[in-house]
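FYI, it's all coordinate maths here, none of it is from the lab. Since the model is a prediction, treat every value here as computed from it, not as a measurement. Heads up, the Cβs are rebuilt from the backbone with ideal geometry, glycines too, and the neighbour counts pull from every protein chain shown.
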Amino acid sequence: ARLTWYLNAVVLNRVAAYLAAVAASQRSCWGPPTCATLVRRAFTEAGIPHRAEEAVRVMMCESGGNPSARNGSSSASGLFQQLATYWPGRAATYGMAGRSVFDPWANAVVSAGMVRDTGGWSHWSCRP
């Protein structure tokens, strides 16, 4: 009985560690709930966790939480509707060079860096 308990505990610990690792490495999202979690994480990792809920509101206004969103009247795309003209330079500045504007993690990281470095939401039509 004791050996069974020990083996169950070992297995449960390994499963828990695996699930924690998967959650920590999550860099994608599929819609409002999962994208909101990803955005909160990006803003926290950028050192501005106090702006995370603002970011979720802006993301929802800009794209509806859709990482594949495209603006029909401009080149704005992705979660935070980054403009195609500026994306390559911004992505490079924030360590996401070569990543697509439709990559939700890259879009959130770049947007978090911009908010941190400029102090606000001046680059976006939507405000928190």
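Side notes on the structure shown:
- FRET efficiency, 1/(1 + (r/R0)^6) with R0 35 Å, evaluated for THR37 and ALA1 via beta carbons: 0.30
- Spin-label pair HIS123/SER74, simplified geometry with 7 Å Cα→Cβ offset, distance in nm: 1.2 nm
- The residues neighbouring PRO128, those whose beta-carbon lies less than 15 Å from its own, together hold a net charge of +2 under the Lys/Arg +1, Asp/Glu -1 convention.
- Per-residue extension of 0.36 nm, minus the Cα-Cα distance of ARG27 and CYS61, leaves a gain of 10.1 nm for this segment.
- Formal net charge of residues neighbouring ALA52 (Cβ-Cβ distance under 15 Å; K, R +1; D, E -1): +2
- Subtracting the Cα-Cα distance of ARG14 and THR85 from their residue separation scaled by 0.36 nm leaves 21.0 nm.
- When the convex hull of its Cα atoms is viewed from all sides, region 26-94 shows a mean projected area of 4.7 nm².
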